[in-house]
Amino acid sequence: MEKFDVIVIGGGVIGTSVAFHLAHFGAKSVLLLDRVAVGAGTTSQSSGILRTHYSVRENVELARRSWSVFNDFAAYVEDEEASCGIVRCGYMISASEGDKLEPLRASLQQQEAQQVRLEYLTPAQARELLPIASFDDAALIGYEPDAGFADATMTAMAFAKSARQKGVKLREGVNVTGLLKQGDRVIGVSTTEGDFLCGTVVSTQNIWARELSGWIPGEILVTPERHAVLALECTTAPYTSAMPVFKDLASAGMLYYRSYGGKQMLVSEGVLGESLVQADATQGDVSLDYVVEVGAQVAERFPAYDTAGLASSWTGVYDVTPDWNPVLGRMPGVEGLIVGYGFSGHGFKLSPTVGRILAQEALALPTDVPLAPYSIERFTTGALLTGKYGLGAVS
Ligand SMILES: Cc1cc2nc3c(=O)[nH]c(=O)nc-3n(C[C@H](O)[C@H](O)[C@H](O)COP(=O)(O)OP(=O)(O)OC[C@H]3O[C@@H](n4cnc5c(N)ncnc54)[C@H](O)[C@@H]3O)c2cc1C
């Protein structure tokens with residue numbers, strides 16, 4: 001039976017980042033397993049937005065450190081051919097008078113206290129950056145120049161390539177069906193290709209993390225939640241890649257927007273999605289009624305989009321935890337098992353730092369930032385990661 005120091009389950013952007021960082025920190029034998037292929041899970045559905053705007057202080061720190069990795073990606077992964085597809089267009093967030101205004105103000109102030117470069121814009125200044133939008137109702141507009149979007153699949157591929165170059169063994173089409181244990185200690189994994197032994201398992205299974213509930217004592221609370229994404233085209237008002245990502249807290253769907261393909265608008269809601277009974281990332285339907293409903297909100301903010309056409313639409317599935325924040329670190333009562341799941345629709349922007357600290361934990365190195373706030377125990381102790389907007393889709 002083959003034996004490894006660490007086995008990583010799941011080749012999404014989180015698992016590949018863990019594998020890369022394990023090799024980076026000198027782990028000698030690492031195996032990454034994915035039942036389909038690298039990047040084939042929910043990573044391929046990501047909108048790719050990179051920002052440090054969070055109302056949970058700990059998330060700001062993970063995102064801030066991750067931005068510096070994305071910003072100098074090829075050097076970081078030590079592969080001059082690597083690209084994460086970064087577009088540095090900035091990030092704008094706006095609220096009108098109402099219940100989101102003070103949480104936004106408090107979150108911006110907290111970001112400033114954490115040394116994030118931020119600007120406060122007047123509606124006229126906002127229009128200069130995003131001339132296709134109307135800001136007449138805006139009571140507060142924050143702008144992060146060091147933000148934008150990137151490509152989650154390219155990032156996962158680059159982490160995987162560099163990990164492989166550093167000696168990580170990567171096996172696709174291998175389904176992990178259980179954990180091998182000796183008492184409370186994990187000693188390996190069972191798979192469709194046989195058993196593999198190891199000292200530590202890192203599970204980065206996203207919506208499929210619920211499989212762990214059948215393998216270990218205790219319940220993994222994670223709900224697969226489907227969200228729709230639309231790409232709209234308006235020839236008279238293209239959303240160019242020089243225009244910032246935009247979060248509209250004043251809209252009913254708390255919509256987020258970015259440029260798509262250089263001229264189209266990518267738009268999606270920042271509210272609850274459709275809960276799924278089974279973990280299933282295959283495509284769902286996007287009804288015409290839904291397109292009309294979201295389209296009406298878009299046209300309120302972007303008047304020219306009243307006549308925009310639907311260029312394409314797709315769905316993606318979030319791994320939602322009870323407080324919409326990830327679970328990171330060791331599983332209590334199961335020695336040798338580390339998890340990283342529950343990113344609740346915002347894991348890509350955190351992936352470099354999350355991979356780094358999970359790898360550090362697996363190798364018993366000090367972690368760059370504490371894992372404790374993200375422990376699974378918070379769901380029983382009540383120390384939830386509640387942000388300034390309250391529990392929910394805006395963390
Ligand atoms: C529509 C949408 C928009 C998003 N937009 C953003 C955004 O703008 N910014 C942002 O930061 N984040 C965003 N996210 C979130 C981000 O994309 C995810 O948090 C991130 O990609 C998740 O990566 P992952 O590695 O955890 O999961 P995945 O990519 O889903 O990878 C998990 C992998 O585990 C494998 N696996 C599972 N179980 C097993 C098993 N038993 N054996 C072997 N393999 C297994 C699967 O095959 C899969 O490849 C978005 C997500 C969606 C769905």
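FYI, it's all coordinate maths here, none of it is from the lab. Predicted model, so just to flag it, every value in this text is computed and none were measured. Neighbour counts are summed over all protein chains in view; Cβ atoms, including those assigned to glycine, are modelled from backbone coordinates with ideal geometry.
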Completion exercise
Taking Cα atoms, the helix 57-71 axis meets the longest principal axis of the chain at an angle in degrees (rounded to 10) of 90 degrees
Practice task
Could you order peptides 239-251, 274-286 by the average number of other Cβ atoms within 10 Å of their residues, highest first?
Solution key: 239-251, 274-286
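Ranking request for peptides 111-118, 155-162, 29-36, 351-358: highest mean number of other beta-carbon atoms within 10 Å first, then the rest in descending order.
Ranking the peptides 111-118, 155-162, 29-36, 351-358 by packing returns 351-358, 155-162, 29-36, 111-118.
Near Pro370, within a Cβ-to-Cβ distance under 10 Å, what is the net charge of the other residues, with Lys and Arg +1 and Asp and Glu -1?
Net of charged neighbours comes to -3.
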Practice task
Just the ratio, please: alpha-carbon radius of gyration of the chain over 2.2 N^0.38 Å, N its number of residues.
Solution key: 0.97
Practice task
Name the residue farthest towards the positive end of the dipole of the range 239-395 from the options Gly270, Thr315, Gln360, assuming +1 on Cβ of Lys and Arg, -1 on Cβ of Asp and Glu, about the Cα centre.
Solution key: Gln360
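Please pull out the direction-averaged projected area of the range 246-395, using the convex hull of its alpha-carbon atoms, in nm² to one decimal place.
Values: hull surface 45.6 nm².
Taking the Cα atoms of the range 246-395, their convex hull projects to 11.4 nm² on average.
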Exercise for the section: Take each of the peptides 175-187, 321-333, average the number of other beta-carbon atoms within 10 Å over its residues, and list them starting from the highest. Expected result: 321-333, 175-187
Completion exercise
The set of residues whose placed amide H lies less than 5 Å from the amide H of Leu50, leaving out same-chain residues fewer than 5 positions away, is Gly148, Phe149, Ala150
Handout entry: Rg over Rh [alpha-carbon atoms, Kirkwood Rh] for the range 73-196
Key = 1.21
Exercise for the section: Starting from the Cα of Lys166, draw a straight line to each of the lysines and keep only those under 17 Å, dropping any in the same chain fewer than 8 residues away. Expected result: Lys28
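Would you tally the net charge around Leu108, using a Cβ to Cβ cut-off of less than 15 Å, leaving Leu108 out, and scoring K and R as +1, D and E as -1?
+3
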Fill in the blank from the handout: Restricting to aspartates and glutamates and to Cα separations under 14 Å from Lys388, and discarding same-chain partners fewer than 8 apart, the set is Glu58, Asp99, Glu102, Asp323
Fill in the blank from the handout: Asserting the computed 222 nm helical MRE of the chain (DSSP H runs at least 4 long, -39500 (n - 2.57) per run, divided by residue count, to nearest 500) equals -7000 deg cm²/dmol
Fill in the blank from the handout: So, relative contact order of the chain in percent, Cα under 8 Å, 6 or more apart, is 24 percent
Practice task
Please determine, in degrees from 0 to 90 and to the nearest 10, the orientation of helix 288-301 with respect to the longest principal axis defined by the Cα atoms of the chain, where the helix direction is its Cα long axis.
Solution key: 60 degrees
Practice task
Compute the FRET efficiency between Gln115 and Asp72 as 1/(1 + (r/R0)^6), taking r as their Cβ-Cβ distance and R0 = 25 Å, and round to the nearest 0.05.
Solution key: 0.90
